1. So which residues in segment A:102-145 are more than 12 Å from chain B (Cβ to nearest Cβ) and within 21 Å of B:Val204 (Cβ to Cβ)?
2. What about B:Gln121, is it at pLDDT below 85 and under 25 Å from B:Ile77 (Cα atoms)?
3. Only one residue in A:Tyr210, A:Tyr194 is within 14 Å of chain B (Cβ to nearest Cβ) and either without any contact (Cβ under 8 Å) to a residue 12 or more places away in the chain or not hydrophobic (A, V, I, L, M, F, W, C) (or both). Which one?
4. Would you check which residues across segment A:100-137 are among the small types (Gly, Ala, Ser), surrounded by fewer than 20 Cβ atoms within 10 Å (Cβ to Cβ) and part of a loop (DSSP other than H, G, I, E, B) and list them?
5. Could you check, for segment A:278-289, whether at least one of its residues is surrounded by fewer than 21 Cβ atoms within 10 Å (Cβ to Cβ) and either over 23 Å from A:Asp76 (Cβ atoms) or at pLDDT 85 or above (or both)?
6. Is one or more of the residues making up segment B:77-93 over 25 Å from A:Asp252 (Cα atoms), free of Cβ contacts under 8 Å to residues at least 60 places away in the same chain and surrounded by fewer than 22 Cβ atoms within 10 Å (Cβ to Cβ)?
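The values are calculated or read from the model by the stated rules, or taken from the named source; none is laboratory data. In this text, all values refer to a predicted model and were calculated from it rather than measured experimentally. Here the Cβ is made from the backbone with ideal geometry for all residues, glycine too, and neighbour counts use every protein chain on show.
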Amino acid sequence: MASTPPNLLEPVVAGPPRPPAPGPARRRRTALVGWSFILPNFVGFAALTLIPIVATLGLAFMQWNSYSTPEWVGLDNFRRLWASETFWTALRNTAYYAAGHIPLTLVAALGFAVLLNRKLRGIGIFRTALFFPYITSLVAVAVVWNMLFSPDAGPVNQFLHAIGVSETPGWTTSTTWAMPAVIITSVWRDLGYYMVLYLAGLQTIPGELYEAAEVDGAGPWARFWHITVPSLRPTTFFVLIMLTISSFKVFDLVQVMTEGGPGRSTLVLSQLIYREGVREGRFGYSSAVALVLFVIVLLVTVIQFRIQQRGEK
Amino acid sequence: MSRPGATVRRIVLYVLLIVISLAVLVPFGWMLVSSVKLDAEVFTVPIQWIPQELHWDNFTKIWSRVPLARYLTNSLILSVTITALQVLTGSFAAYGFAKVRFPGRDALFLAYLATIAVPWQAYMVPQYIMMERLGLVDTRMSLILLQAFGAFGVFLMRQYYLTIPDELSEAARIDGLSEYGIWARVILPLSKPALASLALLTFVNTWNDYMGPFIYLTSNDLWTVQIGLRAFVGQFDAEYAMIMTGSVISVLPILVIFLVGQRYFVQGIATSGLK
């Protein structure tokens, strides 16, 4: 299944080849048949995904609480956001998380994929081991890591002591170290998923490329930079986009590990949306936060897309 | 191959791989070891990797401490229902997108695709308002509706169907099979690996989901194992061993499913990622 070259966009745009045009009656029947296949899923998809997305766009410009009627207020919600310290804290924390989670996960996933992309007896066992954290229940993961990070007798700090660190961090109990603790846990959890993506990408690189480079006297490092990295460009592009989306919407891990604390040191945008929208019932205001989140993700994705396109020319 | 240098390199590689794998798996090891300890033995200096006494009774006691059986049942009900609906509607819709050509189809597919990139958090508030108005908050139905019609399943199945040659469905059409017949009798049997991938990924995602049940399920009776475990940790945060026992139990079903269907997970991720 993963044997065709990785190409994110081509199959999306071009469907199967067009057959000769049939008559109008036949065409209408075909359209009905086509829709009948899509409809059962589409009804749910439209009602629960498409409409809410559009609704967010509108709600962000309205004042609406649980017990009031919606009222158009223009940019009021955004002005309040701009002036809100909590919003900036959440935005900063989310960016912090992304700045740690994206590069670390990418490098770890790529490194392990290159290491594991060889025919060796028992290689499957290692792949399985590295992939397993990704599908483990998140609550269990967060709970275990919370304990591992325990400041006094936690295994992480015991290890740090053993290698000579005298002043060990307070991890999830410290405003400075809580976010690094969350990031470490998230990288550990997610790297297996992206490693699988990279492994699939690596398998599409023809072996002859490496053989030719070896004949030309290129060492392993040169082969990695001049063959592996450029050939993996489409995979890396996809990985970057997935990582961006998943970092900006991070919720579960933070909620279970730190609940946004201590203080507001790990409060992220998703939690703010949840607190304002679901718990406080400020629908308009929380939708404005949601819109900001969406626009950021969109912008980052578009920028990555541009860079990717420029690289291909 | 018989050069001594190659053998040495191979041994170094194996050692490196074993060290890395063990480092990644250490949290699980610690979880497992702690789950059969006494609370006082969990945080000791130095760490006791082999407990003096194995307290397997933690695994029998926990069922009366926490309504874990109910939580597991709730998780199972949700996961099975959502997976069944997602696989059914997803593969059905995917056939329309991959094998039937009609106006507007590609635009509609792009809409599906675009929503995959929209973070759920961006539209969860309108969803919540809708569910509230429908009186579905704090029911299983809310989560089933929210998660059963995801775009992901449609996307994954369509990508797979595109790899099935059109000649097969053409031949079946000439033999007089209707489109529904082709879906049921030609395409479905051929797409078993993709169906397995989708089913396993959906099941595991639903089982592990925290945010959905966290927002929608407030009655203890409906809680899933994730919410239940989190609540237990909040309530008895010093019962370290019991917390680890609960964690082990919440992970076990996933471990079993993963070991049985491992290659489908990997194929599913590779397909959704690369095509």
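1. Of everything in segment A:102-145, just one residue is more than 12 Å from chain B (Cβ to nearest Cβ) and within 21 Å of B:Val204 (Cβ to Cβ), namely A:Thr105.
2. It is true that B:Gln121 is at pLDDT below 85 and under 25 Å from B:Ile77 (Cα atoms).
3. Numbers: A:Tyr210 fails: within 14 Å of chain B (Cβ to nearest Cβ).
None of the other options fit; the residue is A:Tyr194.
4. The one that is among the small types (Gly, Ala, Ser), surrounded by fewer than 20 Cβ atoms within 10 Å (Cβ to Cβ) and part of a loop (DSSP other than H, G, I, E, B): A:Gly122.
5. No, every residue in segment A:278-289 fails to be surrounded by fewer than 21 Cβ atoms within 10 Å (Cβ to Cβ) and either over 23 Å from A:Asp76 (Cβ atoms) or at pLDDT 85 or above (or both).
6. Yes, segment B:77-93 has at least one match.
Here's the yes/no breakdown for (1) without any contact (Cβ under 8 Å) to a residue 24 or more places away in the chain; (2) more than 11 Å from chain A (Cβ to nearest Cβ); (3) not in a helix (DSSP H, G or I):
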{"residue": "B:Met131", "(1), (2), (3)": "no, no, no"}
{"residue": "B:Gly153", "(1), (2), (3)": "no, no, no"}
{"residue": "B:Leu156", "(1), (2), (3)": "no, no, no"}
{"residue": "B:Gln159", "(1), (2), (3)": "no, no, no"}
{"residue": "B:Ile164", "(1), (2), (3)": "no, no, yes"}
{"residue": "B:Ala171", "(1), (2), (3)": "yes, yes, no"}
{"residue": "B:Gly176", "(1), (2), (3)": "yes, yes, yes"}
{"residue": "B:Trp183", "(1), (2), (3)": "no, no, no"}
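One line per residue, one yes/no per condition, for (1) of a type in the set (Ser, Thr, Tyr); (2) touching a helix residue (DSSP H, G or I) at 6+ places or on another chain (Cβ under 9 Å); (3) within 23 Å of A:Ala181 (Cα to Cα); (4) without any contact (Cβ under 8 Å) to a residue 24 or more places away in the chain:
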position	(1), (2), (3), (4)
A:Phe224	no, yes, no, no
A:Ile241	no, yes, no, no
A:Leu253	no, yes, yes, no
A:Ser265	yes, yes, yes, no
A:Val268	no, yes, yes, no
A:Val289	no, yes, no, no
A:Phe294	no, yes, no, no
A:Leu299	no, no, no, yes
